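The structure appears right after this line, and notes come after that.
The values are calculated or read from the model by the stated rules, or taken from the named source; none is laboratory data. Being a predicted model, the structure only gives us computed values, none of them experimental. Here the Cβ is made from the backbone with ideal geometry for all residues, glycine too, and neighbour counts use every protein chain on show.
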Amino acid sequence: MATRIWRDELLRLIRDEAAQLVEVLPPPEYEDEHIEGAISIPLKDLDRDAKERLDPGRPVVVY
Amino acid sequence: MSPRAAARLETLGFEKVYDYVSGKSDWIAAGLPTVRQSAGPPTAGGTLRAGDVIGHVGERLGDAVRRVRAEGQDELIVVDDRHVVLGRIRGAAFDGDPDALVEDVMRPGPATVRLDTPLETVVASLGPAGVANTLVTDPDGRFIGTVYLEDARNRLGHDR
């Protein structure tokens with residue numbers, strides 16, 4: 001089961017482990033405003049895009 | 001949505017998957033960097049004043065008052081060791097027992113807003129109450145600065 005984290009741990013993962021940040025909300029919400037450095041992979045597209053766009057060797061943080 | 005996404009990534013073979021529970025709104029409220037399509041309405045973060053005098057739990061009132069007056073200010077913000085806002089001291093309270101602890105003198109539980117609170121909301125809240133300013137904290141309650149009604153009105157006036 002995925003680990004639930006809060007902001008402090010997210011900042012640490014980005015800083016220390018080059019975590020990949022993924023916004024899984026619908027694209028209009030991503031386009032309106034997203035966390036700097038995050039990529040958009042809507043939930044419905046995860047199966048198709050995750051392996052292609054994410055590095056399995058690095059942490060992945062979804063929001 | 002993110003718990004389902006995290007679960008799906010794990011079934012796809014990703015081993016280090018995390019769910020940022022409080023999400024984008026928490027990040028924005030903390031004033032951390034985002035990319036946005038439009039400027040959006042003016043927010044408290046855009047008119048923030050820094051430089052308030054901070055008092056820590058356990059500090060004597062007399063010591064705190066000396067620092068406030070040395071800075072030419074008329075208010076003390078009381079925080080704990082994590083910088084979480086606990087209360088404010090101003091006015092006649094400064095004339096109390098100098099040996100009293102600031103947490104025993106402060107007015108606890110002051111109203112706060114976040115960096116992303118729209119200035120329209122700030123004005124609508126402070127104006128009718130006749131309050132000159134309000135404190136700005138991050139989502140964890142840690143003190144960031146102060147937003148003044150006067151600044152908020154000026155900013156909105158310039159934008160109209």
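At a glance:
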| item | result |
| --- | --- |
| Segment A:1-49, residues that are among the hydrophobic types (A, V, I, L, M, F, W, C), within 10 Å of another protein chain (Cβ to nearest Cβ) and part of a loop (DSSP other than H, G, I, E, B) | A:Met1, A:Ala2, A:Trp6, A:Ala19, A:Val24, A:Leu25, A:Ala38, A:Ile41 |
| Strands (runs of 3 or more DSSP E) contained in segment B:1-97 and holding at least 3 residues within 7 Å of chain A (Cβ to nearest Cβ) and free of Cβ contacts under 8 Å to residues at least 12 places away in the same chain | B:34-36 |
| Filter result for B:Val57 (more than 15 Å from the chain's Cα centre (by Cα) and at pLDDT below 95) | no |
| Yes/no for B:Val131 being among the β-branched types (Val, Ile, Thr), outside any strand (DSSP E or B) and surrounded by fewer than 20 Cβ atoms within 10 Å (Cβ to Cβ) | yes |
| Residue satisfying all of: in segment B:1-29; closer than 18 Å to A:Arg58 by Cβ and among the aliphatic types (A, V, I, L, M); surrounded by the fewest Cβ atoms within 10 Å (Cβ to Cβ) among these | B:Leu12 |
| Any hit, segment B:81-97, residues being among the acidic types (Asp, Glu), surrounded by 13 or more Cβ atoms within 10 Å (Cβ to Cβ) and closer than 25 Å to B:Asp138 by Cα | no |
